Amino acid sequence: MKNRNRGKVSPNWIAILCIFSFALGMLFSNRFSGKILGDHFNHSDAYLTFVDFNVLFWLKQFDFLEYLYIFLFLDYFVCGDHCIIRVWTPPESDGRIMFGRRHKQEIDLASVSDDCDTKNSQKEDIVGEFNKAQVAIHSLDNSIAKIQSELPSIRRTEAVPSTSADSERNGTRKKAFMVIGINTAFSSRRRRDSIRETWMPQGEKLLRLEQEKGIIVRFMIGHSATSNSILDRAIDSEDDQHKDILRLDHIEGYHELSAKTKAFFSAGVAKWDAEFYVKVDDDVHVNLGTLAATLARHRLKPRVYTGCMKSGPVLYKKSVKYHEPEFWKFGETGNKYFRHATGQIYAISKELATYIANNKPILHKYANEDVSLGAWLIGLEVEHIDDRNMCCGTPPECEWKAQAGNVCVASFDWSCSGICKSVERIKHVHAKCSESPATLWGALV
């Protein structure tokens, strides 16, 4: 028979045993829960097994109060076990134990790291695509530059339509040494006739000059503002008679001389493949053989701009004849123009004429056409040749030079920007200052 007179357990021992049971439960969970979870057992099932087969049999030998103590201890044991399950998280990789919050933080950090790796990978992909795009753009730029470098030759090939029957049949331009365009106007018929009677060959001689020497001489003129006007018909009739007029795609006007100059070089390049292109005013006397011999000395130079170079003041006052509306572009009031050939006569080589023809739409026009030409060429690799034989004065100056064996290329009066009263006086100038016929027909070009 059980002894009912056992002493009561001290409260201090109850507290100690409760703490001990709680710690024992935690230790038990740490030791065995990983294995039990690994074997796919529920934790509460493990405790029921423990109670069913061990504890309940042992509890039969105690009285009721002792039952309470035992269940109290068991309760603390179970609490400790559940506490370690909730607070500590079994290791998943390296056997370490850690708080659940720490474990969650490490999972979050791992997730953030994966996100960073993904973003870095995406960034590398974007950088790679950007580099590919840069390479493609660079390749495209090179292709465009190559096409642009080839465009001038293609443009020149396509820009050679000619009004002559031979050029139209063959599809090629006529070879020539120099093309001379004599600038004239609708009202200048008498000037044209005075030139035909003096220094410009006519008829068969003009054709022979082209065929034997490659020297093309034409009066250049555009069209009137009214289509098929009486002025245009008069020029067409004159050309039918003399065969020495080059019609330009240009509307005539005194203040449009810069545009007319561009139109002449464009038409000249399209019609003839010449080494030099020369512009002359219709009140200037020219010795063609001496001009040909002068230009022949420069034929091996790639880009030549020759004439009487000057640098006059920029005329800013509106009341003067050659007023420059854009005077402010040339600096302070009183400044001078850059060096350029005087407009009475000048010559440029083929490359420069082709450059003007190809870039005609974007070349700026100043009020004075000689300034415009100088502006178009000032920024290029061009050899400027100042030849004072291209701007001799009228007799007696050109006469003295001719007597000394130094025949002038061109003669005119500076005070009139041409021969003063040229229609009446050009025959006198020709008689005193002209070259011998042998100079023209014996010129080596």
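List of remarks:
- Here the dipole of region 397-445 is about 100 debye; that uses its Cα centre as origin and unit charges on the Cβ of Lys and Arg (positive) and Asp and Glu (negative).
- Here the accessible area of region 303-443 is 53 percent carbon and sulfur, with a 1.4 angstrom probe and all protein chains present.
- Flagged links, alpha-carbon separation over 21 Å, of Lys205/Lys243; Lys213/Lys279; Lys213/Lys421; Lys279/Lys350; Lys243/Lys271: Lys213/Lys421
- Sorted peptide list for 201-208, 291-298, criterion being average Cβ within 10 angstrom, highest first: 291-298, 201-208
- Taking amide H as placed 1.01 Å from N in the peptide plane, Leu246 has its amide H under 5 Å from the amide H of Phe219, Met220, Ile221, each at least 5 places away in sequence or on another chain.
- Solvent exposure of region 310-394 as accessible area per residue, Å², 1.4 Å probe: 50 Å²
- Annotation: Lys350 carries an accessible surface of approximately 80 Å², with a 1.4 Å probe and no ligand, DNA or RNA atoms counted.
- In this view, the solvent-accessible surface of His242, computed with a 1.4 Å probe and all protein chains in place, comes to about 40 Å².
- Pair Ser229, Gln403: separation of 7 Å Cα→Cβ label points (nm): 4.7 nm
- Mean projected area of the Cα convex hull of region 230-288, taken over all directions, amounts to 5.2 nm².
- Once you reduce region 388-439 and region 197-214 to the center of their Cα atoms, the two points are 20 Å from each other.
- Solvent-accessible area of Phe330 with every protein chain in place, 1.4 Å probe, in Å² to the nearest 10: 30 Å²
The values are calculated or read from the model by the stated rules, or taken from the named source; none is laboratory data. Everything quoted here is computed from the prediction, not taken from an experiment. Cβ atoms come from the backbone with ideal geometry, glycine included; neighbour counts cover every protein chain shown. Keep in mind that these areas ignore ligands, DNA and RNA; they rest on the heavy atoms of the full protein, side chains included. Shrake-Rupley method; radii C 1.70, N 1.55, O 1.52, S 1.80 Å.
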